[in-house]
Amino acid sequence: MSVAEVHFSKVSKFFGAFCAVEELTLDIEKGDMVAILGKTGCGKSTMFNMIAGLQDPTSGGVRVQGHDPFREFDWFRGKIAIVFQNDRLLPWRTAVQNVELGLEMLDRPAAERREKAMSWLTRLGLAGHENDYPHALSGGMRQRVSIARAFATDASILLCDEPFSALDEITANRLREEFATLVRQNHKTAVFITHSINEALSIGQRVIVLRRPARIALDERLPDKLTSDGAEALRQRIQGILSEEDRVVIS
Amino acid sequence: MGDSAAQSATSKGVQRILTILAPFALLAGIWHFASTQLPDYLVPPLDRVFWRALAIIVDFSLFKDVLATAGRIMAGLAGAFVIGGVFAVLMHKSRRVEDFLGPILNFFQGIPALSWVVFAIIWFKHIEARILFIMVVTALPAFSFQILSALRAMSKDLVEMVLSFRPTRAKMFRMLVLPSILPEILTSWRVNIGNASRVVVVAELVGATGGVGYRLLEQQQLFDMAGALAWTLQLVFFVLITQKILNLIEAWAFKYRAQSERSL
Ligand SMILES: Nc1ncnc2c1ncn2[C@@H]1O[C@H](COP(=O)(O)OP(=O)(O)O)[C@@H](O)[C@H]1O
Ligand SMILES: [Mg+2]
(Lines give C-alpha, C1' and ligand atoms only; values in the text may rest on other atoms or scores of the structure.)
(Ligands and ions follow the chains in the order given, each with its own letter.)
Protein backbone atom coordinates (compact mmCIF):
# COMPACT_ATOMS: atom_id res chain seq x y z
CA MET A 1 0.00 0.00 0.00
CA SER A 2 1.22 3.49 -0.83
CA VAL A 3 2.03 6.16 1.72
CA ALA A 4 -0.98 8.05 3.00
CA GLU A 5 -1.61 11.41 1.37
CA VAL A 6 -2.09 13.02 4.78
CA HIS A 7 -0.57 11.41 7.84
CA PHE A 8 -0.88 12.50 11.49
CA SER A 9 1.07 10.60 14.11
CA LYS A 10 0.36 11.45 17.75
CA VAL A 11 -0.09 15.09 16.90
CA SER A 12 -0.76 17.50 19.77
CA LYS A 13 -1.18 21.23 19.63
CA PHE A 14 -1.11 23.46 22.68
CA PHE A 15 -1.84 27.16 22.88
CA GLY A 16 -0.02 27.98 26.08
CA ALA A 17 -1.38 25.41 28.53
CA PHE A 18 -4.55 24.94 26.53
CA CYS A 19 -4.71 21.72 24.55
CA ALA A 20 -6.55 22.11 21.21
CA VAL A 21 -5.46 18.82 19.60
CA GLU A 22 -4.48 15.77 21.66
CA GLU A 23 -2.40 12.88 20.32
CA LEU A 24 -4.26 12.69 17.06
CA THR A 25 -3.29 9.81 14.77
CA LEU A 26 -4.90 9.70 11.37
CA ASP A 27 -4.30 8.64 7.76
CA ILE A 28 -6.08 10.00 4.73
CA GLU A 29 -5.71 8.07 1.48
CA LYS A 30 -5.21 9.59 -1.93
CA GLY A 31 -8.46 10.37 -3.73
CA ASP A 32 -10.53 10.11 -0.58
CA MET A 33 -13.09 12.67 0.44
CA VAL A 34 -13.08 12.96 4.18
CA ALA A 35 -15.55 14.98 6.18
CA ILE A 36 -14.31 16.03 9.60
CA LEU A 37 -17.08 16.79 11.98
CA GLY A 38 -17.01 18.32 15.39
CA LYS A 39 -18.47 21.04 17.50
CA THR A 40 -17.27 24.60 17.36
CA GLY A 41 -14.05 24.95 19.32
CA CYS A 42 -13.08 21.28 19.22
CA GLY A 43 -9.90 21.96 17.27
CA LYS A 44 -11.00 21.40 13.68
CA SER A 45 -9.43 24.58 12.33
CA THR A 46 -6.26 23.93 14.29
CA MET A 47 -5.97 20.50 12.71
CA PHE A 48 -6.74 22.05 9.33
CA ASN A 49 -4.06 24.71 9.78
CA MET A 50 -1.51 22.02 10.55
CA ILE A 51 -2.32 20.17 7.30
CA ALA A 52 -2.17 23.49 5.45
CA GLY A 53 1.21 24.26 7.00
CA LEU A 54 -0.04 27.45 8.63
CA GLN A 55 0.62 26.10 12.14
CA ASP A 56 3.28 23.81 13.53
CA PRO A 57 2.29 20.94 15.88
CA THR A 58 3.59 21.17 19.45
CA SER A 59 4.48 17.48 19.31
CA GLY A 60 4.02 14.59 16.91
CA GLY A 61 4.43 14.60 13.15
CA VAL A 62 2.33 15.87 10.28
CA ARG A 63 3.19 14.60 6.81
CA VAL A 64 1.46 15.54 3.60
CA GLN A 65 2.60 13.54 0.57
CA GLY A 66 5.51 12.50 2.74
CA HIS A 67 6.66 16.05 3.43
CA ASP A 68 6.43 18.49 6.33
CA PRO A 69 3.89 21.16 5.36
CA PHE A 70 5.16 23.70 7.90
CA ARG A 71 8.90 23.44 7.25
CA GLU A 72 8.98 22.71 3.52
CA PHE A 73 7.33 25.94 2.49
CA ASP A 74 8.42 26.01 -1.15
CA TRP A 75 7.95 22.29 -1.80
CA PHE A 76 4.20 22.61 -1.36
CA ARG A 77 3.73 25.43 -3.84
CA GLY A 78 0.82 24.42 -6.07
CA LYS A 79 0.18 21.18 -4.18
CA ILE A 80 -2.47 22.22 -1.63
CA ALA A 81 -5.48 24.39 -2.35
CA ILE A 82 -7.70 25.83 0.33
CA VAL A 83 -11.26 27.04 0.54
CA PHE A 84 -11.71 29.04 3.72
CA GLN A 85 -14.82 29.67 5.77
CA ASN A 86 -15.02 33.21 4.42
CA ASP A 87 -14.16 33.94 0.82
CA ARG A 88 -10.93 35.87 1.52
CA LEU A 89 -10.88 37.53 -1.89
CA LEU A 90 -8.43 40.37 -2.48
CA PRO A 91 -10.70 43.42 -2.69
CA TRP A 92 -8.44 45.20 -5.17
CA ARG A 93 -8.63 42.37 -7.68
CA THR A 94 -11.52 41.55 -9.98
CA ALA A 95 -13.12 38.09 -9.83
CA VAL A 96 -10.94 36.71 -12.61
CA GLN A 97 -7.78 38.29 -11.18
CA ASN A 98 -8.57 36.64 -7.84
CA VAL A 99 -8.90 33.26 -9.52
CA GLU A 100 -5.55 33.82 -11.22
CA LEU A 101 -3.73 34.36 -7.92
CA GLY A 102 -2.50 30.79 -7.43
CA LEU A 103 -1.47 30.53 -11.06
CA GLU A 104 0.63 33.66 -10.68
CA MET A 105 2.42 32.00 -7.77
CA LEU A 106 3.27 29.19 -10.17
CA ASP A 107 4.57 31.66 -12.80
CA ARG A 108 2.15 30.49 -15.47
CA PRO A 109 2.06 32.70 -18.58
CA ALA A 110 -0.61 35.41 -18.57
CA ALA A 111 -2.66 33.96 -21.43
CA GLU A 112 -2.84 30.54 -19.82
CA ARG A 113 -3.77 32.07 -16.46
CA ARG A 114 -6.61 34.03 -17.94
CA GLU A 115 -7.91 31.06 -19.91
CA LYS A 116 -7.86 28.70 -16.90
CA ALA A 117 -9.40 31.30 -14.59
CA MET A 118 -12.16 32.06 -17.07
CA SER A 119 -12.98 28.41 -17.57
CA TRP A 120 -13.30 27.85 -13.81
CA LEU A 121 -15.42 30.95 -13.38
CA THR A 122 -17.65 29.73 -16.17
CA ARG A 123 -17.98 26.28 -14.60
CA LEU A 124 -19.04 27.91 -11.37
CA GLY A 125 -21.67 29.98 -13.15
CA LEU A 126 -19.89 33.32 -12.96
CA ALA A 127 -19.37 34.06 -16.65
CA GLY A 128 -20.14 37.74 -17.18
CA HIS A 129 -18.95 38.65 -13.68
CA GLU A 130 -15.24 38.15 -14.32
CA ASN A 131 -14.50 41.86 -14.23
CA ASP A 132 -16.55 42.60 -11.12
CA TYR A 133 -14.78 43.55 -7.93
CA PRO A 134 -15.64 41.44 -4.85
CA HIS A 135 -17.73 44.19 -3.27
CA ALA A 136 -20.10 44.00 -6.23
CA LEU A 137 -20.74 40.26 -5.78
CA SER A 138 -23.11 38.49 -3.38
CA GLY A 139 -21.78 36.24 -0.60
CA GLY A 140 -22.56 33.10 -2.59
CA MET A 141 -20.88 34.46 -5.70
CA ARG A 142 -17.81 35.44 -3.74
CA GLN A 143 -17.51 31.95 -2.27
CA ARG A 144 -17.84 30.55 -5.82
CA VAL A 145 -14.93 32.74 -6.87
CA SER A 146 -12.88 31.41 -3.97
CA ILE A 147 -13.73 27.82 -4.99
CA ALA A 148 -12.66 28.62 -8.55
CA ARG A 149 -9.43 30.05 -7.13
CA ALA A 150 -8.78 26.79 -5.25
CA PHE A 151 -9.47 24.55 -8.26
CA ALA A 152 -7.58 26.71 -10.77
CA THR A 153 -4.11 25.62 -9.62
CA ASP A 154 -5.10 21.96 -10.04
CA ALA A 155 -3.58 21.02 -6.68
CA SER A 156 -4.17 17.40 -5.82
CA ILE A 157 -5.17 18.13 -2.23
CA LEU A 158 -8.11 20.31 -1.43
CA LEU A 159 -8.75 21.58 2.10
CA CYS A 160 -12.02 23.20 3.07
CA ASP A 161 -12.78 24.75 6.43
CA GLU A 162 -16.55 25.10 6.75
CA PRO A 163 -16.73 26.78 3.33
CA PHE A 164 -20.51 27.06 3.17
CA SER A 165 -21.36 27.85 6.78
CA ALA A 166 -21.58 31.59 6.13
CA LEU A 167 -24.10 31.16 3.30
CA ASP A 168 -27.87 30.83 3.39
CA GLU A 169 -29.18 27.26 3.29
CA ILE A 170 -30.39 27.20 -0.32
CA THR A 171 -27.16 28.65 -1.68
CA ALA A 172 -25.13 26.34 0.55
CA ASN A 173 -26.99 23.22 -0.59
CA ARG A 174 -26.56 24.02 -4.25
CA LEU A 175 -22.91 24.94 -3.90
CA ARG A 176 -22.20 21.83 -1.82
CA GLU A 177 -23.52 19.55 -4.58
CA GLU A 178 -21.55 21.36 -7.27
CA PHE A 179 -18.48 21.21 -5.11
CA ALA A 180 -18.79 17.46 -4.45
CA THR A 181 -19.19 16.82 -8.17
CA LEU A 182 -16.11 18.90 -9.00
CA VAL A 183 -14.01 17.10 -6.40
CA ARG A 184 -15.02 13.68 -7.77
CA GLN A 185 -14.60 14.68 -11.43
CA ASN A 186 -11.13 16.05 -10.77
CA HIS A 187 -9.95 13.15 -8.56
CA LYS A 188 -8.93 15.32 -5.65
CA THR A 189 -8.07 14.27 -2.15
CA ALA A 190 -10.38 16.45 -0.12
CA VAL A 191 -10.53 17.20 3.58
CA PHE A 192 -13.78 18.89 4.36
CA ILE A 193 -14.33 20.38 7.78
CA THR A 194 -17.83 21.01 8.99
CA HIS A 195 -19.95 21.28 12.12
CA SER A 196 -23.09 20.12 10.31
CA ILE A 197 -23.96 16.40 10.42
CA ASN A 198 -26.01 16.64 7.24
CA GLU A 199 -23.18 18.32 5.39
CA ALA A 200 -20.71 15.66 6.56
CA LEU A 201 -23.01 12.83 5.44
CA SER A 202 -23.81 14.38 2.09
CA ILE A 203 -20.24 15.20 1.14
CA GLY A 204 -17.96 12.65 2.81
CA GLN A 205 -16.99 9.18 1.66
CA ARG A 206 -15.53 8.85 5.09
CA VAL A 207 -16.73 10.70 8.16
CA ILE A 208 -14.55 11.43 11.16
CA VAL A 209 -16.08 12.84 14.32
CA LEU A 210 -13.79 14.74 16.68
CA ARG A 211 -14.14 15.21 20.40
CA ARG A 212 -12.73 18.13 22.31
CA PRO A 213 -9.71 18.43 22.45
CA ALA A 214 -9.40 17.02 18.94
CA ARG A 215 -9.39 13.22 19.28
CA ILE A 216 -11.17 10.71 17.07
CA ALA A 217 -14.54 9.66 18.47
CA LEU A 218 -15.83 8.00 15.33
CA ASP A 219 -14.26 7.08 12.00
CA GLU A 220 -16.70 5.56 9.53
CA ARG A 221 -16.45 4.85 5.83
CA LEU A 222 -19.77 5.40 4.11
CA PRO A 223 -21.05 2.89 1.56
CA ASP A 224 -21.28 4.13 -2.04
CA LYS A 225 -25.03 4.27 -1.84
CA LEU A 226 -26.06 5.36 1.61
CA THR A 227 -29.67 4.27 2.23
CA SER A 228 -31.85 6.75 4.05
CA ASP A 229 -32.15 4.25 6.92
CA GLY A 230 -28.39 3.86 7.08
CA ALA A 231 -27.94 7.62 7.04
CA GLU A 232 -30.50 8.04 9.81
CA ALA A 233 -28.79 5.43 11.98
CA LEU A 234 -25.41 7.08 11.51
CA ARG A 235 -26.89 10.50 12.20
CA GLN A 236 -28.27 9.17 15.49
CA ARG A 237 -24.90 7.75 16.47
CA ILE A 238 -23.08 10.98 15.70
CA GLN A 239 -25.73 12.97 17.51
CA GLY A 240 -25.20 10.68 20.49
CA ILE A 241 -21.44 11.24 20.49
CA LEU A 242 -21.79 14.99 20.21
CA SER A 243 -24.38 15.29 22.97
CA GLU A 244 -22.35 12.99 25.24
CA GLU A 245 -19.61 15.55 24.71
CA ASP A 246 -21.92 18.22 26.11
CA ARG A 247 -22.55 16.19 29.24
CA VAL A 248 -18.82 15.75 29.73
CA VAL A 249 -18.32 19.49 29.50
CA ILE A 250 -21.13 20.24 31.96
CA SER A 251 -20.13 17.64 34.56
CA MET B 1 -30.25 64.76 -24.86
CA GLY B 2 -26.51 64.14 -24.56
CA ASP B 3 -26.24 67.90 -24.69
CA SER B 4 -28.29 68.58 -21.60
CA ALA B 5 -26.38 65.90 -19.67
CA ALA B 6 -23.09 67.46 -20.75
CA GLN B 7 -24.44 70.87 -19.83
CA SER B 8 -25.47 69.79 -16.34
CA ALA B 9 -22.05 68.15 -15.91
CA THR B 10 -20.33 71.41 -16.85
CA SER B 11 -22.54 73.44 -14.54
CA LYS B 12 -21.74 70.95 -11.77
CA GLY B 13 -18.04 71.43 -12.50
CA VAL B 14 -18.42 75.19 -12.37
CA GLN B 15 -20.32 74.91 -9.11
CA ARG B 16 -17.54 72.78 -7.63
CA ILE B 17 -14.90 75.28 -8.64
CA LEU B 18 -16.94 78.11 -7.13
CA THR B 19 -17.30 76.15 -3.88
CA ILE B 20 -13.56 75.61 -3.73
CA LEU B 21 -12.82 79.25 -4.49
CA ALA B 22 -15.35 80.74 -2.04
CA PRO B 23 -13.17 80.64 1.11
CA PHE B 24 -10.22 82.08 -0.80
CA ALA B 25 -12.41 84.84 -2.20
CA LEU B 26 -13.47 85.67 1.34
CA LEU B 27 -9.86 85.77 2.55
CA ALA B 28 -8.89 87.95 -0.40
CA GLY B 29 -11.82 90.28 0.34
CA ILE B 30 -10.72 90.71 3.94
CA TRP B 31 -7.13 91.29 2.85
CA HIS B 32 -8.25 93.79 0.23
CA PHE B 33 -10.29 95.71 2.79
CA ALA B 34 -7.35 95.74 5.21
CA SER B 35 -5.03 96.94 2.45
CA THR B 36 -7.26 99.98 1.84
CA GLN B 37 -7.17 100.84 5.56
CA LEU B 38 -3.53 100.15 6.43
CA PRO B 39 -0.23 101.33 4.95
CA ASP B 40 1.10 99.34 1.96
CA TYR B 41 4.26 98.16 3.69
CA LEU B 42 2.12 96.33 6.28
CA VAL B 43 -0.71 95.04 4.09
CA PRO B 44 0.19 95.40 0.41
CA PRO B 45 -2.65 95.45 -2.13
CA LEU B 46 -3.63 92.08 -3.60
CA ASP B 47 -2.75 92.87 -7.18
CA ARG B 48 0.80 93.68 -6.18
CA VAL B 49 1.16 90.33 -4.37
CA PHE B 50 -0.33 88.60 -7.38
CA TRP B 51 2.11 90.18 -9.84
CA ARG B 52 5.04 89.46 -7.57
CA ALA B 53 4.00 85.79 -7.28
CA LEU B 54 3.60 85.58 -11.04
CA ALA B 55 6.99 87.24 -11.56
CA ILE B 56 8.62 84.46 -9.52
CA ILE B 57 6.98 81.77 -11.62
CA VAL B 58 7.90 83.25 -15.02
CA ASP B 59 11.45 84.29 -14.15
CA PHE B 60 13.58 81.17 -14.04
CA SER B 61 16.35 82.85 -12.01
CA LEU B 62 13.72 83.15 -9.24
CA PHE B 63 11.70 80.01 -9.97
CA LYS B 64 14.79 77.83 -9.59
CA ASP B 65 14.69 78.69 -5.88
CA VAL B 66 11.17 77.26 -5.71
CA LEU B 67 12.38 74.14 -7.52
CA ALA B 68 15.37 73.85 -5.16
CA THR B 69 13.07 73.93 -2.14
CA ALA B 70 10.63 71.47 -3.72
CA GLY B 71 13.57 69.18 -4.47
CA ARG B 72 14.74 69.38 -0.85
CA ILE B 73 11.26 68.52 0.41
CA MET B 74 10.95 65.52 -1.90
CA ALA B 75 14.51 64.28 -1.28
CA GLY B 76 14.01 64.49 2.49
CA LEU B 77 10.65 62.74 2.34
CA ALA B 78 11.96 60.04 0.01
CA GLY B 79 14.86 59.37 2.37
CA ALA B 80 12.62 59.32 5.43
CA PHE B 81 10.15 57.08 3.62
CA VAL B 82 12.77 54.48 2.69
CA ILE B 83 14.43 54.44 6.12
CA GLY B 84 11.03 54.60 7.87
CA GLY B 85 9.87 51.68 5.72
CA VAL B 86 12.84 49.59 6.78
CA PHE B 87 12.31 50.54 10.46
CA ALA B 88 8.61 49.73 10.21
CA VAL B 89 9.24 46.30 8.69
CA LEU B 90 11.81 45.52 11.38
CA MET B 91 9.49 46.70 14.15
CA HIS B 92 6.64 44.70 12.63
CA LYS B 93 8.75 41.55 12.53
CA SER B 94 10.28 41.75 15.95
CA ARG B 95 8.92 42.88 19.27
CA ARG B 96 12.50 43.42 20.47
CA VAL B 97 13.27 45.89 17.67
CA GLU B 98 10.04 47.73 18.36
CA ASP B 99 10.81 48.07 22.05
CA PHE B 100 14.16 49.50 21.06
CA LEU B 101 13.29 51.77 18.11
CA GLY B 102 9.85 52.93 19.23
CA PRO B 103 11.02 55.04 22.20
CA ILE B 104 13.90 56.51 20.18
CA LEU B 105 11.59 57.60 17.39
CA ASN B 106 9.16 59.00 19.95
CA PHE B 107 12.02 60.93 21.52
CA PHE B 108 12.98 62.31 18.10
CA GLN B 109 9.42 63.42 17.56
CA GLY B 110 9.72 65.77 20.54
CA ILE B 111 12.78 67.60 19.18
CA PRO B 112 11.90 70.91 17.47
CA ALA B 113 13.03 71.51 13.88
CA LEU B 114 15.12 74.47 15.02
CA SER B 115 17.19 72.23 17.32
CA TRP B 116 17.97 69.98 14.36
CA VAL B 117 19.11 73.10 12.50
CA VAL B 118 21.64 73.78 15.22
CA PHE B 119 22.81 70.14 15.35
CA ALA B 120 23.07 69.98 11.55
CA ILE B 121 25.24 73.09 11.43
CA ILE B 122 27.56 71.62 14.05
CA TRP B 123 27.69 68.12 12.57
CA PHE B 124 27.77 68.73 8.82
CA LYS B 125 29.75 71.06 6.63
CA HIS B 126 27.98 70.73 3.34
CA ILE B 127 24.82 72.88 3.14
CA GLU B 128 22.70 70.40 1.18
CA ALA B 129 23.78 67.60 3.51
CA ARG B 130 22.59 69.68 6.47
CA ILE B 131 19.23 70.30 4.86
CA LEU B 132 18.79 66.69 3.79
CA PHE B 133 19.64 65.53 7.30
CA ILE B 134 17.07 67.85 8.86
CA MET B 135 14.37 66.92 6.37
CA VAL B 136 14.93 63.19 6.83
CA VAL B 137 15.19 63.23 10.59
CA THR B 138 12.05 65.35 11.09
CA ALA B 139 9.90 63.18 8.82
CA LEU B 140 11.33 59.82 9.94
CA PRO B 141 9.30 59.14 13.10
CA ALA B 142 5.98 59.90 11.42
CA PHE B 143 6.73 57.73 8.40
CA SER B 144 7.98 54.85 10.57
CA PHE B 145 4.91 54.82 12.79
CA GLN B 146 2.49 55.30 9.91
CA ILE B 147 3.96 52.45 7.87
CA LEU B 148 4.08 50.26 10.98
CA SER B 149 0.43 50.88 11.69
CA ALA B 150 -0.40 50.10 8.05
CA LEU B 151 1.46 46.78 8.33
CA ARG B 152 -0.35 45.99 11.56
CA ALA B 153 -3.71 46.71 9.98
CA MET B 154 -3.19 44.09 7.26
CA SER B 155 -5.90 41.46 7.35
CA LYS B 156 -4.67 38.25 9.01
CA ASP B 157 -7.20 36.31 6.95
CA LEU B 158 -5.78 37.61 3.70
CA VAL B 159 -2.20 37.05 4.85
CA GLU B 160 -3.02 33.39 5.59
CA MET B 161 -4.87 33.02 2.32
CA VAL B 162 -1.91 34.31 0.30
CA LEU B 163 0.56 32.28 2.40
CA SER B 164 -1.44 29.14 1.64
CA PHE B 165 -0.35 29.56 -1.99
CA ARG B 166 3.25 29.57 -0.77
CA PRO B 167 4.39 32.80 -2.43
CA THR B 168 7.96 33.99 -2.72
CA ARG B 169 8.80 37.02 -0.59
CA ALA B 170 8.68 39.32 -3.61
CA LYS B 171 5.26 38.07 -4.64
CA MET B 172 3.91 38.31 -1.11
CA PHE B 173 4.98 41.94 -1.08
CA ARG B 174 3.66 42.80 -4.53
CA MET B 175 0.36 40.92 -4.33
CA LEU B 176 -0.62 41.53 -0.73
CA VAL B 177 1.52 43.88 1.35
CA LEU B 178 1.78 46.76 -1.09
CA PRO B 179 -1.89 46.97 -2.09
CA SER B 180 -2.93 46.52 1.57
CA ILE B 181 -0.84 49.36 2.91
CA LEU B 182 -1.13 51.73 -0.04
CA PRO B 183 -4.07 53.75 1.34
CA GLU B 184 -2.19 54.55 4.54
CA ILE B 185 1.02 55.22 2.64
CA LEU B 186 -0.72 57.84 0.50
CA THR B 187 -2.24 59.44 3.59
CA SER B 188 1.14 59.54 5.29
CA TRP B 189 2.67 61.28 2.25
CA ARG B 190 -0.15 63.78 2.27
CA VAL B 191 0.41 64.62 5.93
CA ASN B 192 4.20 64.61 5.70
CA ILE B 193 4.37 66.85 2.63
CA GLY B 194 2.41 69.47 4.55
CA ASN B 195 4.75 69.17 7.53
CA ALA B 196 7.91 69.11 5.43
CA SER B 197 6.97 72.24 3.52
CA ARG B 198 6.84 74.05 6.85
CA VAL B 199 10.06 72.51 8.14
CA VAL B 200 12.01 73.17 4.93
CA VAL B 201 12.09 76.95 5.30
CA VAL B 202 13.53 76.50 8.78
CA ALA B 203 16.02 73.95 7.47
CA GLU B 204 17.14 76.46 4.86
CA LEU B 205 18.35 78.69 7.69
CA VAL B 206 21.48 76.50 7.90
CA GLY B 207 23.13 78.80 5.38
CA ALA B 208 21.37 78.00 2.14
CA THR B 209 22.14 80.48 -0.63
CA GLY B 210 18.96 79.70 -2.49
CA GLY B 211 15.47 78.39 -1.90
CA VAL B 212 12.22 79.76 -0.58
CA GLY B 213 13.52 80.05 2.99
CA TYR B 214 16.52 82.06 1.81
CA ARG B 215 14.25 84.34 -0.27
CA LEU B 216 11.92 84.86 2.68
CA LEU B 217 14.84 86.01 4.83
CA GLU B 218 15.83 88.36 2.03
CA GLN B 219 12.33 89.88 1.97
CA GLN B 220 12.50 90.36 5.73
CA GLN B 221 15.76 92.30 5.36
CA LEU B 222 14.18 94.40 2.60
CA PHE B 223 11.06 94.84 4.72
CA ASP B 224 9.07 93.74 1.66
CA MET B 225 5.69 92.31 2.69
CA ALA B 226 4.46 91.73 -0.87
CA GLY B 227 7.62 89.76 -1.63
CA ALA B 228 7.31 87.72 1.57
CA LEU B 229 3.74 86.82 0.67
CA ALA B 230 4.64 86.02 -2.94
CA TRP B 231 7.34 83.56 -1.82
CA THR B 232 5.07 82.02 0.81
CA LEU B 233 2.45 81.47 -1.85
CA GLN B 234 4.94 79.43 -3.91
CA LEU B 235 5.20 76.89 -1.10
CA VAL B 236 1.44 76.84 -0.65
CA PHE B 237 1.04 76.17 -4.38
CA PHE B 238 3.57 73.38 -4.14
CA VAL B 239 1.63 71.71 -1.35
CA LEU B 240 -1.68 72.14 -3.19
CA ILE B 241 -0.30 70.70 -6.41
CA THR B 242 1.31 67.67 -4.75
CA GLN B 243 -1.91 67.00 -2.79
CA LYS B 244 -3.84 67.15 -6.04
CA ILE B 245 -1.47 64.62 -7.60
CA LEU B 246 -1.85 62.33 -4.57
CA ASN B 247 -5.63 62.63 -4.91
CA LEU B 248 -5.42 61.53 -8.52
CA ILE B 249 -3.24 58.56 -7.60
CA GLU B 250 -5.70 57.65 -4.87
CA ALA B 251 -8.70 57.85 -7.18
CA TRP B 252 -6.90 55.63 -9.66
CA ALA B 253 -5.61 53.12 -7.12
CA PHE B 254 -8.88 52.73 -5.22
CA LYS B 255 -11.36 52.47 -8.03
CA TYR B 256 -12.11 48.97 -6.70
CA ARG B 257 -13.69 50.31 -3.55
CA ALA B 258 -17.42 50.22 -2.99
CA GLN B 259 -19.06 53.62 -3.04
CA SER B 260 -21.91 54.36 -0.69
CA GLU B 261 -24.58 56.47 -2.29
CA ARG B 262 -25.15 58.17 0.99
CA SER B 263 -22.23 59.65 2.84
CA LEU B 264 -21.83 59.65 6.61
N1 LIG C 1 -4.05 30.95 18.05
C2 LIG C 1 -4.73 30.50 19.12
N3 LIG C 1 -4.36 30.88 20.36
C4 LIG C 1 -5.03 30.42 21.44
N5 LIG C 1 -6.07 29.57 21.40
C6 LIG C 1 -6.48 29.15 20.19
C7 LIG C 1 -5.83 29.59 18.98
N8 LIG C 1 -6.46 29.00 17.94
C9 LIG C 1 -7.44 28.24 18.46
N10 LIG C 1 -7.46 28.32 19.81
C11 LIG C 1 -8.36 27.60 20.71
O12 LIG C 1 -8.32 26.24 20.36
C13 LIG C 1 -9.61 25.68 20.38
C14 LIG C 1 -9.91 25.06 19.04
O15 LIG C 1 -10.04 26.09 18.07
P16 LIG C 1 -10.39 25.78 16.55
O17 LIG C 1 -9.42 24.80 16.03
O18 LIG C 1 -10.51 27.07 15.85
O19 LIG C 1 -11.82 25.11 16.72
P20 LIG C 1 -12.92 24.81 15.60
O21 LIG C 1 -12.39 25.16 14.28
O22 LIG C 1 -13.21 23.36 15.78
O23 LIG C 1 -14.11 25.62 15.96
C24 LIG C 1 -10.57 26.79 20.73
O25 LIG C 1 -10.93 26.66 22.09
C26 LIG C 1 -9.78 28.05 20.51
O27 LIG C 1 -10.15 29.02 21.45
MG1 LIG D 1 -13.07 26.61 12.84
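The values are calculated or read from the model by the stated rules, or taken from the named source; none is laboratory data. Not measured: the values here are computed from a predicted model. Note that we place each Cβ from the backbone using ideal geometry, even for glycine, and neighbour counts take in every protein chain shown. When the accessible area is computed, the model is the full protein with side chains, heavy atoms only, and any ligands, DNA or RNA have been set aside. Shrake-Rupley method; radii C 1.70, N 1.55, O 1.52, S 1.80 Å.
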Could you please let me know if residue B:76 is within 21 Å of the chain's Cα centre (by Cα), among the small types (Gly, Ala, Ser) and in a helix (DSSP H, G or I)?
-> yes
Can you pull out the residues in region B:137-182 that are of a type in the set (Val, Ile, Thr) and within 26 Å of the chain's Cα centre (by Cα)?
-> B:137, B:138, B:147, B:177, B:181
From the set of residues in region A:22-53 that are within 16 Å of ligand 1 (Cβ to nearest atom) and of a type in the set (Gly, Ala, Ser), which is nearest to the other protein chains (Cβ to nearest Cβ)?
-> A:52
What is the residue count in region A:92-117 for residues that are open to solvent by less than 50 Å² (accessible area, probe 1.4 Å) and over 19 Å from residue A:156 (Cα atoms)?
-> 6
Do we find a residue being open to solvent by 70 Å² or more (accessible area, probe 1.4 Å), in contact (Cβ under 8 Å) with a residue 40 or more places away in the chain and under 19 Å from residue B:195 (Cα atoms) anywhere in region B:95-107?
-> no
Part of a helix (DSSP H, G or I), touching a helix residue (DSSP H, G or I) at 6+ places or on another chain (Cβ under 7 Å) and farther than 21 Å from residue B:146 by Cβ, is that true of residue B:97?
-> no
State all residues of region B:135-157 that are assigned to a helix (DSSP H, G or I) and under 23 Å from residue A:84 (Cα atoms); if no residue qualifies, say none.
-> B:151, B:152, B:156, B:157
Within region B:32-58, how many residues turn out to be open to solvent by less than 60 Å² (accessible area, probe 1.4 Å) and under 21 Å from residue B:204 (Cβ atoms)?
-> 3
Can you name every residue in region B:154-194 that is among the small types (Gly, Ala, Ser), more than 10 Å from chain A (Cβ to nearest Cβ) and buried (at least 16 other Cβ atoms within 10 Å of the Cβ)?
-> B:188
Within region A:59-89, the residues that are away from ligand 1 (no atom under 12 Å from the Cβ), part of a loop (DSSP other than H, G, I, E, B) and open to solvent by 50 Å² or more (accessible area, probe 1.4 Å) are A:65, A:70, A:71, A:72, A:73, A:74, A:75, A:77, A:79, A:86
Among helices (runs of 4 or more DSSP H) completely within region A:120-231, the ones holding 1 or more residues that are under 21 Å from residue B:161 (Cα atoms), open to solvent by less than 60 Å² (accessible area, probe 1.4 Å) and among the hydroxyl-bearing types (Ser, Thr, Tyr) are A:139-152
Away from ligand 2 (no atom under 15 Å from the Cβ) and in a loop (DSSP other than H, G, I, E, B), is that true of residue A:41?
-> no
Just give me the residues in region A:192-230 being more than 16 Å from ligand 2 (Cβ to nearest atom), among the aliphatic types (A, V, I, L, M), farther than 24 Å from residue A:167 by Cα and in contact (Cβ under 8 Å) with a residue 24 or more places away in the chain, in sequence order.
-> A:216, A:217, A:226
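Residue-wise test of (1) within 18 Å of the chain's Cα centre (by Cα); (2) surrounded by fewer than 17 Cβ atoms within 10 Å (Cβ to Cβ); (3) part of a strand (DSSP E or B).
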{"site": "A:14", "(1), (2), (3)": "no, yes, yes"}
{"site": "A:21", "(1), (2), (3)": "yes, no, yes"}
{"site": "A:27", "(1), (2), (3)": "yes, yes, yes"}
{"site": "A:34", "(1), (2), (3)": "yes, no, yes"}
{"site": "A:48", "(1), (2), (3)": "yes, no, no"}
{"site": "A:54", "(1), (2), (3)": "yes, no, no"}
{"site": "A:57", "(1), (2), (3)": "no, no, no"}
Could you tell me which residue of region A:54-95 is farthest from the other protein chains (Cβ to nearest Cβ), considering only residues that are within 16 Å of ligand 2 (Cβ to nearest atom) and farther than 23 Å from residue A:176 by Cα?
-> A:55
